[in-house]
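Participant: Following this message is one structure expressed as structure tokens.
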Amino acid sequence: MAKQPIVLVALVLLLVHVRARDDNGLGASFIFGDSLVDAGNNNYLQTLSKANIPPNGIDFRASGGNPTGRFTNGRTIGDIVGEELGQPNYAVPFLSPNSTGKAILSGVNYASGGGGILNATGRIFVNRLSLDIQVDYFNITRKQLDSLLGPSQAKDYLMKKSIFSITIGSNDFLNNYLLPVLSIGARASQTPDAFIDDMINHLRNQLTRLYQLDARKFVLGNVGPIGCIPYQKTINQLSSDQCVDLANQLARQYNSRLQDLLTELNENLPGATFVHANVYDLVMELITNYDNYGFTTATTACCGNGGQFAGIVPCGPVSSLCSDRSTHVFWDPYHPSEAANLILAKQLVDGDTRYISPMNLRQLRDL
């Protein structure tokens, strides 16, 4: 008989531990962006930008190595950040049939391959979700949260227990301003300054809309060194240690303006915290010193075809595939491998102000 109270005490302690872990963990992750963080929304669109074919997802344990629509061999940065911060489940893609009821309490992913800040971005893919549409979709989720939790608790959950991450902007250059077929008119009439002005003004409006819908903890990734991806190196016939200057220059120009915008929003939107993720320098560090991180190449895509760096044809069933995915910084002509995503995500979660400022994501969660 004496055993019963001991079992009871153990059970109570276990429940207390679970409750404490729940309170410390991240409640929800709301993810906006492009193919770097798309978790399967494009599977439900008639689009040319899809990753629901093998060998994409070959290392994604949750699906048993089957493709899910993630544009990498395993987890995206968004997936890994959520895990590191104690989010109970991956944020569910908004367009998937199971993005209803309690599933949305771990967060929702609105990201879309080919999507950009500007609505015209990614037209070449036919369909994609621009940031405008992604925020419209969050508005739907916002109402669902009121129904699930009640208005007061929903507001509290969003303001205190949720992180809003936005990873977008690369396509506005790669599949808009720099795309010869579509953008010759835009480039003739718009200087880089004017184009970037448009991007920043659009982004300001969307972030303010999210704030008005009770988002308070934000992280924004800047645009990475897009002139160094295998696709750009291949089509411009560069050597392995060269990058396309114009593409990187545009990224740096936008990134400088983004930093100013986040400072402005931190000052003007009471109670909000906007964290700046310096993806450009983080990825450049990986590309420059890849061998220090256990990679053998930062130029050749693991999965792809065409040209010197397998950088022209996207990853698919007939692509050449490297034997060891963990040794490549790039999974395909555009996107990092899971091994690279892991390094990037851990810097964002626990890194210092070189890469994530004014605080890292663990500190943002605990605010």
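Participant: For the Cα atoms of the chain, what angle does the longest principal axis make with the long axis of helix 3-24, in degrees from 0 to 90, nearest 10?
Facilitator: Long axis of 3-24 versus the principal axis of the chain: about 40 degrees.
Participant: OK, next. Could you state the orientation-averaged shadow area of the convex hull built on the Cα atoms of the chain, in nm² to one decimal?
Facilitator: Working: hull surface 81.7 nm².
So the mean shadow area of the Cα hull is 20.4 nm².
Participant: Can you list the aspartates and glutamates whose alpha carbon sits under 13 Å from that of LYS160, skipping same-chain ones fewer than 8 residues off?
Facilitator: Qualifying aspartates and glutamates at Cα under 13 Å: ASP23, ASP214, ASP366.
Participant: Give the residue list of trypsin sites (Lys or Arg not before Pro) in segment 305-367 that are DSSP loop and have at most 15 other beta-carbon atoms within 10 angstrom.
Facilitator: Details: sites: ARG325, LYS346, ARG354, ARG362, ARG365; in loops: ARG354.
Taking segment 305-367 and a limit of 15 other Cβ atoms within 10 Å, the loop trypsin sites (Lys or Arg not before Pro) found are ARG354.
Participant: Where a Cα-Cα gap under 19 Å defines reach, which lysines qualify for LYS161, not counting those fewer than 8 residues away within the same chain?
Facilitator: Correct list for LYS161: LYS102, LYS143, LYS217.
Participant: Then there is this: What aspartates and glutamates could a cross-link reach from LYS233, if we take a straight Cα to Cα line under 15 Å and drop same-chain neighbours fewer than 8 places away?
Facilitator: Answer for LYS233, where 15 Å is the Cα cut-off: ASP241, ASP245, ASP332, listed by chain and number.
Laboratory data are not the source of any read-out in this text; all were calculated from the coordinates shown. Bear in mind that the values here come from a model prediction, so they are computed numbers and not experimental data. Neighbour counts are summed over all protein chains in view; Cβ atoms, including those assigned to glycine, are modelled from backbone coordinates with ideal geometry.
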